[in-house]
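Down below is the structure, laid out as structure tokens.
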Amino acid sequence: MRIPVVDTRGVPLMPCTPAKARQLFKSGKARPKRNKLGIFFVQLCYEQEPSNQPLVIGIDPGSKFEGFSVVGTQETVVNLMVEAPTHVKDAVKTRRTMRRARRFRKWRRPERYNNRLKGKKRIPPSTRSRWEAKARVVAHLKAILPLTDAVVEDVQAVTRKGKRRKWNLAFSPVQVGKQHLYSLLTEMSLQLHLKEGWETKQLREQYDLKKTKNKVKQAFESHCVDSWVLAACMSGAQQPSCQRLWYVVGAVLHRRQLHLLQFLKGGKRKPYGGTRSLGFKRGTLVIHPTYGLCMVGDFDRKKHTVSLHHYRTNKRLTRGGKPTMCMVKTWMAWRSWLVCLPRRERL
């Protein structure tokens, strides 16, 4: 594996090996850090002028899972399997239903200012969230790695012949979303390269790599094999030097609502949503003496306790966690962990 390195100013340098990182920590010349993706990197305690080689990031877009790979001229730096955000569509639908229910009531207040989007050019919320999530992942990687180029698989949507020009320009969320992503990557000063799906297949055959049909499997062969060949075709790497995988899940924060949609027993409606729980930002990584490493969720207003969730599965561990017993580590916008290799690959 290769570990990202930045100097004391935050300028990305070339990645190093784990042995070199341990040597820097032991001598006191560096300190360990983690970015918002949860990726471990090294920050030097002194300034150093960069002497970087080109690093290429390959992006394999998907509807539920996505692959990201950063490849150099010889070595593979990092492979990411990221869960795509799929909750926005249902959240927008629920918000629209509640807004329409409020507007049927007599006490609805008039608008204070013109904040309506009618007649304005915009991207649908679900499309925007999916494609901007890819750009955010690239931006966080670019902050710790000296990326120079980006290679994206140019996904295509079905076109219709004989229709107006507008149909083939803005007829599909895929077409609108990918153009938005390309503009965001160009703004990051990355040299953009596009490859079609059949070209990706040819590259897999050229590098003699196989792709599994199980898209849910947390392995290099599911999604990162495509992103790796896309990056390697520009960087010049011959074979993946490392197939270790970081699995990344984005944090989902439920925005504050007046109350739950359903009544509780006795005709009362319980408050719902929010981004803070008794002083903690929801999703904060804490260490509890009983449950170990976990995350902060909801809280109980009467008992003044918080709910703690498992870091990987997000399963609730308890609803009676006391804030005084939680040692705060950090807050990350993504949950990520290094996937364990099968036993046969470890030997």
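Legend: translational diffusion of segment 209-253 by Stokes-Einstein, Rh = Kirkwood radius over C-alpha pairs, 25 °C, 0.890 mPa s; D = 207 µm²/s.
Simple rule: put +1 on each Lys or Arg Cβ and -1 on each Asp or Glu Cβ in segment 198-337, find the dipole, and look at 285, 214, 247; the Cα lying farthest toward the positive end is 285.
Given +1 at the Cβ of Lys and Arg, -1 at the Cβ of Asp and Glu and no other charges, the dipole of the chain around its Cα centre is 3440 debye to the nearest 20.
The overall shape of the chain, judged from the alpha-carbon gyration tensor, is oblate: a/c is not under 1.5, and a/b is no greater than b/c. Spin-label model, residue 46 to residue 188: label points 7 Å out along the Cα-to-beta-carbon direction sit 3.1 nm apart.
Rounded to the nearest 500, what is the 222 nm mean residue ellipticity of the chain from helices alone, with -39500 (n - 2.57) per DSSP H run of 4+ residues and division by all residues? Can you show the working numbers first?
Values: 8 runs with 90 residues, N = 347.
Helix contribution divided over all residues of the chain: -8000 deg cm²/dmol.
A DSSP coil position with no more than 10 other Cβ atoms inside 10 Å describes the following trypsin sites (Lys or Arg not before Pro) in segment 228-325: 255, 265, 268, 301, 302, 303, 315.
For segment 1-91, with every protein chain kept in place, what is the accessible area per residue (1.4 Å probe, Å²)? Write out the running numbers ahead of the final one.
Values: 4350 Å² over 91 residues.
Computed with neighbouring chains in place, this is 48 Å² per residue.
Each Lys and Arg Cβ is given +1 and each Asp and Glu Cβ -1; about its Cα centre, segment 259-347 then shows a dipole of about 280 debye. A Förster distance of 45 Å, applied to the separation of the beta-carbon atoms of residue 74 and residue 302, puts the FRET efficiency at 0.15. Each listed q (0.18, 0.24 Å⁻¹) maps to a log10 I(q)/I(0) for segment 71-122, found by the Debye formula over equal Cα scatterers with no solvent: -0.86, -1.09. Of the cross-linked pairs 89/213; 89/302; 217/322; 89/121, which ones have a Cα-Cα span greater than 29 Å in the structure shown? Exceeds cut-off: 89/302; 217/322. On the chain, 51 percent of the accessible area sits on carbon and sulfur atoms, based on a 1.4 Å probe. If the segment from residue 210 to residue 287 were pulled out straight at 0.36 nm per residue, it would be longer than the present Cα-Cα gap by 23.7 nm.
Subtracting the Cα-Cα distance of residue 87 and residue 109 from their residue separation scaled by 0.36 nm leaves 5.0 nm.
Overall form of segment 78-158: prolate. Here a/c, set by the Cα gyration tensor axes a ≥ b ≥ c, is 1.5 or more, and a/b is the larger of a/b and b/c.
Of the residues 51, 86, 229, the one whose Cα sits farthest toward the positive end of the charge dipole of the chain, with +1 on the Cβ of Lys and Arg and -1 on the Cβ of Asp and Glu, is 86. Legend: Rg and Dmax of segment 1-74, from Cα coordinates, 13.9, 45 Å.
Label sites at residue 98 and residue 33, each approximated as a point 7 angstrom past Cα along Cα to Cβ, lie 3.8 nm apart. Calculated accessible area for segment 165-275 comes out at 62 Å² per residue, all protein chains present (probe 1.4 Å; ligands, DNA, RNA ignored). Ranking 69, 10, 104 by Cα position along the charge dipole of the chain, where only Lys, Arg, Asp and Glu carry charges on their C-beta atoms, puts 104 farthest toward the positive end.
The values are calculated or read from the model by the stated rules, or taken from the named source; none is laboratory data. Quantities reported herein were computed from a predicted structural model and do not represent experimental measurements. Methodologically, a virtual Cβ is constructed for each residue, glycine included, from the backbone with ideal geometry; neighbour enumeration extends over all protein chains shown. For accessibility, only protein heavy atoms count, side chains too; no ligands or nucleic acids. Shrake-Rupley method; radii C 1.70, N 1.55, O 1.52, S 1.80 Å.
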